[in-house]
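Written out below as structure tokens is the structure these notes cover.
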Amino acid sequence: YFMKYSQEHALVDRLSRTLRRFMLKNFGKSVTVTKKTSARDIVSSLDTKVEAMILKSISQVFSQDTMISEESSPNFIIPQGRAWLIDPLCGSRNVASGIPLFVTNIALIEQGKVVAAWVIDYLRHRLIWSTGGRVLYSDTKQIKKVAPTPGVRLIDFDCGYFWELAQVHQEGYALVLKDLFLKKEVEIQAYNSSVGFLYVATGQIHGALTINVRPWDVLAACFLIEQNEGLVTNFDGSHWSLDSRSLIMAGDQTTHALLLKLIKKHKLKGMR
């Protein structure tokens, strides 16, 4: 297949295989855990090792590009030029607890927009990626467009940096989740990482909600969802951007409309 950013993809593809082998060998062993901003915000020794491997591999080939990684660049500033946005292991709490629900997110940014994205799904031993063109791949196989499916809708919810929010916003989000829990046509799941966001892109779940997150948690998935004909918006229904913090992700219009309606009902549409 012909595509843009073929050199970038070749690099990340090789890197993903290296990282998958590394995690297969090292996951489940004892790790050191360090607090960042609070006891809820942690980083494991595996996070820092994976970050070092990613930064070294990319910077060796694209030395002029800016590198923005969660552990070494905690204060995100929208880049002016070309930049790589990296979340070494999204799901640090799961990693530290020996729960195999975590991914590596890598997004390429140009002129203020995501133009390519790669997510390593360690549990499924695959690389989900796109370099644009409204196509999505799992390793070398194209994933078909997400189509609405009948029956119960699977919705992932994520709380991001929930403890930073004002109480009124915490309570509003709790009411949104309460309404979802009580809907017979919805089944709520929580993966405690951006695994759920990725699975909206692949069509494995119908939608996801997240509030007050950081860009490295979501931007790769936002791009991938849209490349497979899904929808991603802010809580007010506007299109997502590099500074989005609270998002609705859906594989189809019906799921998106359901989630947006609940956000508006509980007066959270002003959240960014």
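If R0 equals 41 Å, the separation of the Cβ atoms of R17 and E185 corresponds to a calculated FRET efficiency of about 0.55. Look at where the Cα atoms of the range 42-116 and of the range 191-216 average out, and the two centres are 17 Å apart. Expressed as a whole percent, the accessible surface of the range 161-272 that belongs to carbon and sulfur atoms is 52, based on a 1.4 Å probe. Taking the helices alone, the chain has a mean residue ellipticity at 222 nm of -11000 deg cm²/dmol, built from -39,500 (n - 2.57) per DSSP H run of at least 4 residues and averaged over all its residues. By the rule of a C-alpha distance below 12 Å, with chain neighbours fewer than 8 residues away ignored, the aspartates and glutamates paired with K113 are D243. In straight-distance terms, cross-link reach from K141 covers every one of the lysines whose alpha-carbon lies under 22 Å from its own, apart from those fewer than eight places away in the same chain; here that gives K4.
Computed on the range 132-272, with alpha-carbon pairs under 8 angstrom and 6+ residues apart, the relative contact order is 28 percent.
Listed here are the pairs K184/K264; K29/K144; K144/K269; which of them are more than 26 Å apart at the Cα?
Numbers: K184/K264 20 Å; K29/K144 37 Å; K144/K269 32 Å.
Where the Cα-Cα span goes over 26 Å, the pairs concerned are K29/K144; K144/K269.
Each of V186, S92, G207 was placed along the dipole of the chain (beta-carbon charges, centred on the mean Cα), and the one lying farthest toward the positive end is V186. DSSP finds beta bridges in the chain, and of those with both partners inside it, around 75 percent are antiparallel.
For the range 73-148, the relative contact order comes to 20 percent (Cα pairs under 8 Å, sequence separation of at least 6). Between N26 and A52, the simple spin-label model (points 7 angstrom out along Cα→Cβ) gives 0.8 nm. Around the Cα centre of the range 3-85, unit charges on the Cβ atoms of Lys, Arg, Asp and Glu (plus for the first two, minus for the last two) sum to a dipole of about 360 debye. Taking each residue as 0.36 nm, the span from Q80 to F162 lengthens on full extension beyond its C-alpha to C-alpha distance by 26.6 nm.
Classify the range 214-270 from the C-alpha gyration tensor, please: rounded if a/c falls under 1.5, else prolate or oblate depending on whether a/b exceeds b/c. Before the final figure, lay out each step's value.
Values: a/c = 2.52, a/b = 1.23, b/c = 2.04.
Judged from the Cα gyration tensor, the range 214-270 comes out oblate (a/c at least 1.5, b/c at or above a/b).
Pairs of Cα atoms under 8 Å, at least six residues apart: use those to get the relative contact order of the chain, whole percent.
15
Counted by Cβ distance under 11 Å from P100, the other residues give a net charge of 0, where Lys and Arg count +1 and Asp and Glu count -1.
Each of S73 and I99 was given a label point 7 Å from its Cα along the Cα-to-Cβ line. The distance between the two points is 2.9 nm. A simple spin-label model places pseudo-atoms 7 Å from Cα toward Cβ; at K267 and V61 they are separated by 5.1 nm. Per residue, the range 100-217 exposes an accessible area of 42 Å² to a 1.4 Å probe, with every protein chain left in place.
The values are calculated or read from the model by the stated rules, or taken from the named source; none is laboratory data. This is a predicted model, so every value here is computed, not measured. Note that we place each Cβ from the backbone using ideal geometry, even for glycine, and neighbour counts take in every protein chain shown. Just the protein is used for accessible areas: all its heavy atoms, side chains included, with ligands, DNA and RNA removed. Shrake-Rupley method; radii C 1.70, N 1.55, O 1.52, S 1.80 Å.
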